[in-house]
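Written out below as structure tokens is the structure these notes cover.
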Amino acid sequence: MASYNKNGRDSFGGSRYSQGWPSGYGSNSGDPYDDKLSATNRFQDYFRDIDYDYVNRGWNKSRIVALIVGVVIAFLVICGFDLYRSQQSVVAEAKATMLVVDDLKGAMKHGDRAALDKAVADVVDEAHKVHGEVNSPAWLLASFVPYFGSDVRSVQTLADVAVDLAENALVPVADNPTILNAKDVFKNGAVDLDALGSLSDSLEEAAPVFLRNVNKIAALPDAHTERLDETLSSIKEDLGSTSGMIELAQSLLPEIDSLMGGDGAPRNYLVVAYSNAELRSDGGFPGSWTLVTVNDGEIEMGKTVALQLKPDDFITFREDELALFPGLKGNMGSIPFLPDFRRVAPYLAQGYEHHRGVHVDGVIAIDPVFLQRILKLTGGVVASDGTKVDGTNAAWELMSNAYWRFGNAGSLQDRFFGEVASLSFDKLMHDLGKVSLTDLYSTLSSSASDHRLQIWFENDYLQKAFARQGFSGALSDDPTRPELGIFLNDDTWAKIGWYAKLDTYVSNPKRNPDGSKTYDVTTTISNTAWKDELEYSPRYIWGYNQEEKLTDSDMILAPLFVAPAGGKISDLTLNGEPWDMEHTLYDRQVYYGVVHADVGESVVVRYEVTTSPDAIENLEVRKTPLAQERLLTIQYGWKK
């Protein structure tokens, strides 16, 4: 359908009235309502002017065709103005709905029941107004227009979703009296299990409604119009994050007493803080170990201890683990050389139980970047030495500046690390009621996706619930969703990992006759330190492995490349030379060896990765999280 400007000209320069209408008709006011009225009058006059005797004599059949075309065009013009007016109304109603949602948030924040009831009623009313507009005859007709019709249908689906969410999810949740005091569920470092149980009843009713609408929106096609496409992408992203939170809550509610020690048996969770400045496949060197005990919702943090140098010869490792990492049989700090947290966590728990005599029900591994993200939500903390650590500097303070301040006193650095981790966790627990749950879950979820937060439970039900949302830190066992693992391990015996840089490029795939896909992959490992900088640094930064270091500023790393499930790695070269360092771990092919990079230098590893024939999705890369996020990049050939 042509679009017209205010002067009555279509986008091709012609008159909107030129197609089948006698000249001289129409208004030039530019008002769409005047134009619509004049179009209707012209339509009526046109029928009055027809000489039906000519028609009946049949001498001018083309006149009939013109009549039909005129009728159709008149109908489309009228519907076009209806659609334009309706579209403007929908935009206005959508803006009004956003204002009402702000009122709703304010009512919940201030515990105002009357304001909450009014806001909910207004949301329901606005949703129905929008739904009525986009299901009018003009919108129905537009939904059949080629190309843009799918956009119209997407808008109609969004309207359906809005009504369903408002009536069947928002209303039951808002009716729950506990919702106005939701912040009191988390208060003073404790969880009110009774209040949480009350909220769970409403969540149980609303969750299926929310999730079915998330699926509806996820199934919508890409829009043809840029504005709608951006809107859909934003909605899908927001709902995707929220749906993960709701699905996890749904899974946890039946086991909330078990999780929070509400069944008469306290639970002990071990929080292990990794330092990415000394890299390990699973994240970093485990510098501090803190036990968190939960009893009937009351959360108590224990003393932070250092177990990383304690022996671990009592642990029974797998044969393939020891064959690849003989150093596992040395001390507890070597356990995170393993790239799968499903294997790492039980070993860490076993070690803590052995050395501290306390049973561990779960393990949570975190790193300084995760702490920085949490402090961005809660506000900063101040260590006992006066150091301010917050959402802008935590990673730098804990993985760089601390080693310059404390020199070679490793025990002081570990103590500082443990103190900041403990203060951050304590602040989170006490201020949880002030933090947006959506923002909190988004931070937790994104940190889990890049493996800066990993969670393991001895309870199999809880373990599976968190694993479904990506918190397990496990290697992917799914051949249909191929995952290449690229992990870095420090062999400098130092904190030089702060300067490590990892760049990976994955090409477009080549499809093989058996249905598998092959990708050309290039991984570049770099040492970004400055020579002058390392010359004046404590040895704790530049390293103690003098037997292996080529220079004082040499960074020694042991990269581990793990093939995707059902796939393989081939033709691997290091700086252009064949690198025959093939091994097996967890029944899959891996490459593992040592590389050196002096300041400003890089090593380049090139190889091919072939997926299983069962692969449905493109190859994804899982990698060790680095100390500096900006130094970690992954590029995919199909994501320009």
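The values are calculated or read from the model by the stated rules, or taken from the named source; none is laboratory data. From a predicted model like this one, the values you see are computed outputs, not experimental measurements. Every residue, glycine among them, receives a Cβ derived from its backbone with ideal geometry; neighbour counts consider all protein chains shown. These accessible areas exclude ligands, DNA and RNA; they are computed on the full protein's heavy atoms, side chains included. Shrake-Rupley method; radii C 1.70, N 1.55, O 1.52, S 1.80 Å.
With semi-axes defined as the square roots of five times the eigenvalues of the C-alpha gyration tensor, the equivalent ellipsoid of segment 370-421 measures 19, 10, 9 Å, largest first. With R₀ set to 41 Å, the beta-carbon distance separating residue 114 from residue 385 gives a calculated FRET efficiency near 0.25.
Counted residue by residue at 0.36 nm each, then reduced by the alpha carbon distance between them, the extension gain from residue 575 to residue 309 reaches 92.3 nm.
Computed extension gain for residue 201 through residue 175, at 0.36 nm per residue and net of the alpha carbon distance, reaches 8.2 nm.
Starting with the highest mean, order 401-414, 611-624 by the number of other Cβ atoms within 10 Å, averaged over the residues of each peptide. Intermediate values should be presented prior to the final figure.
Working: 401-414: 16.9, 611-624: 18.8.
Final packing ranking: 611-624, 401-414.
Of the chymotrypsin sites (Phe, Trp or Tyr not before Pro) found in segment 589-640, the ones in coil according to DSSP and having at most 14 other Cβ atoms within 10 Å of their Cβ are 638. When all protein chains stay in place, what accessible area (Å², nearest 10, 1.4 Å probe) is found for residue 318? Here the residue's solvent-accessible area equals roughly 80 Å². The simple spin-label model puts a point 7 Å past each Cα toward its Cβ; for residue 216 and residue 480 those points are separated by 2.6 nm. Cβ-Cβ distance of residue 354 and residue 296, R₀ of 30 Å, FRET efficiency by 1/(1 + (r/R0)^6): the value works out to about 0.60. Taking a point 7 Å out from the Cα of residue 401 in the direction of its Cβ, the residues of segment 348-375 whose backbone N falls within less than 19 Å of it are 367-375.
Does anything in segment 412-440 have its amide N under 13 Å from the 7 Å Cα→Cβ label point of residue 241, and if so which residues? Output list for this probe position: 436-440. A simple rule links phi to the HN-Hα coupling: the Karplus curve 6.51 cos²θ - 1.76 cosθ + 1.60 with θ = phi - 60°, which for segment 351-357 gives x, 5, 4, 5, 8, 10, x Hz, with x for Gly and Pro. Reducing segment 393-470 and segment 550-610 to their Cα centroids gives an inter-centroid distance of 29 Å. Taking 29 Å as the limit for the C-alpha separation, the pairs 329/623; 517/549; 376/495; 187/236 exceed it in the case of 517/549; 187/236.
Of 581, 332, the residue with the largest accessible area leads and the full order is 581, 332 (1.4 Å probe). Relative to the Cα centre, the charge distribution of segment 380-419, modelled as +1 at Lys and Arg Cβ and -1 at Asp and Glu Cβ, gives a dipole magnitude of about 80 debye.
Within the assembled protein chains, the solvent-accessible surface assigned to residue 363 is about 0 Å², based on a 1.4 Å probe.
Using r as the Cβ-Cβ distance of residue 227 and residue 584, and R0 as 56 Å, what FRET efficiency do you calculate, to the nearest 0.05?
On the way: r = 52 Å, r/R0 = 0.93.
Here the calculated transfer efficiency is 0.60.
A crude spin-label estimate for the pair residue 520 and residue 436, with each label 7 Å from Cα along the Cβ direction, gives 4.4 nm.
Using a Cα-Cα cut-off of under 12 Å, which aspartates and glutamates could be cross-linked to residue 531, ignoring same-chain neighbours fewer than 8 residues away? Within reach: 552, 554, 598, 601. Take the Cα of residue 255, go 7 Å toward its beta carbon, and the backbone nitrogen atoms of segment 427-461 under 17 Å from that spot belong to 454-461.
In order along segment 211-222, phi translates into HN-Hα couplings of 5, 5, 6, 4, 5, 4, 5, 4, 7, 5, x, 4 Hz, rounded to whole numbers, per the Karplus curve 6.51 cos²θ - 1.76 cosθ + 1.60 with θ = phi - 60° and x for Gly and Pro.
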